[in-house]
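Let me begin by presenting the structure, written as structure tokens, before commenting on it.
The values are calculated or read from the model by the stated rules, or taken from the named source; none is laboratory data. What you see is a predicted model; the values in this text were computed from it and never measured. All Cβ positions, even for glycine, are placed from backbone atoms using ideal geometry, and neighbour counts span all protein chains on display. Accessible surface areas use protein heavy atoms only, side chains included; no ligands, DNA or RNA. Shrake-Rupley method; radii C 1.70, N 1.55, O 1.52, S 1.80 Å.
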Amino acid sequence: MSTEVSKDIRTMDVNESREGIIRSLGVLVQAYGLEVPTQTALTFAVDTIQKLYTSINPSEILTAAQLAAGGKLNTDARFFGKLNLAILGEILTAYLEYKRNEAAQLLKLVEEPTRNEAKQKAFEAAFPSMVANFKGKLEDVPVEWHDIAIRLGILEYTIEDKRYRDWE
């Protein structure tokens, strides 16, 4: 059975996710030079991952370990010769937080133009009222209001006005 990268444990067949987790833990043990866990310890680790980390794909166990090794996760968790479930849990939890933060940053980038556009529309809707209620002197009018007023059609110049002012 092949594990798709986009599938998380919760959407996978139980046996498919178990196989994927076992493969990932096997690579992790080899890569870190850890003692091979007993069958009981491995079964317990797989069961724990299947219950508590359902939003990841089994291959992300390796990604989490790589990020932890590179100091990219908010954890000081380290393996010391053996596959330790508490350490693995700390790394996977830190990875999920990292993943959430990355997703939030991406969502912010995607939504930012829409938010800016909404702010711009709200400002433009309020602009006529801002102009009408302005209480300052002519010198206090923000320079950019002139261009905004022209763009919104609040202030218009006739061809004669433009010629008189030599603006053409």
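Which pairs have Cβ atoms under 7 Å, sit 6 or more apart or on different chains, and link a residue in the range 29-44 that is open to solvent by 80 Å² or more (accessible area, probe 1.4 Å) to one that is of a type in the set (D, E, K, R) and at pLDDT below 95?
From residues that are open to solvent by 80 Å² or more (accessible area, probe 1.4 Å), the pairs are Glu35/Lys82.
Taking the criterion of being in contact with a strand residue (DSSP E or B) (Cβ under 6 Å, 6 or more places away or on another chain), open to solvent by 60 Å² or more (accessible area, probe 1.4 Å) and modelled with pLDDT of 85 or more, would at least one residue in the range 81-90 satisfy it?
yes
Taking the range 92-119 as the region of interest, how many residues are open to solvent by 100 Å² or more (accessible area, probe 1.4 Å) and hydrophobic (A, V, I, L, M, F, W, C)?
Summing the residues that are open to solvent by 100 Å² or more (accessible area, probe 1.4 Å) and hydrophobic (A, V, I, L, M, F, W, C) in the range 92-119 gives 2.
Restricting to the range 120-145, give me the number of residues that are surrounded by 10 or more Cβ atoms within 10 Å (Cβ to Cβ) and either in a loop (DSSP other than H, G, I, E, B) or at pLDDT below 85 (or both). Give the steps one after another, and end with the answer.
Within the range 120-145, the subset surrounded by 10 or more Cβ atoms within 10 Å (Cβ to Cβ) is 120-128, 130-131, 134, 141-142, 145.
Keeping just the survivors that are either in a loop (DSSP other than H, G, I, E, B) or at pLDDT below 85 (or both) gives 134, 141-142.
Count: 3.
Report yes if Gln50 is surrounded by 12 or more Cβ atoms within 10 Å (Cβ to Cβ), assigned to a helix (DSSP H, G or I) and at negative phi, otherwise no.
So Gln50 passes the test.
Quick one: which residue in Ala122, Ala94 is small (Gly, Ala, Ser) and more than 18 Å from Ile56 (Cβ to Cβ)?
Ala122
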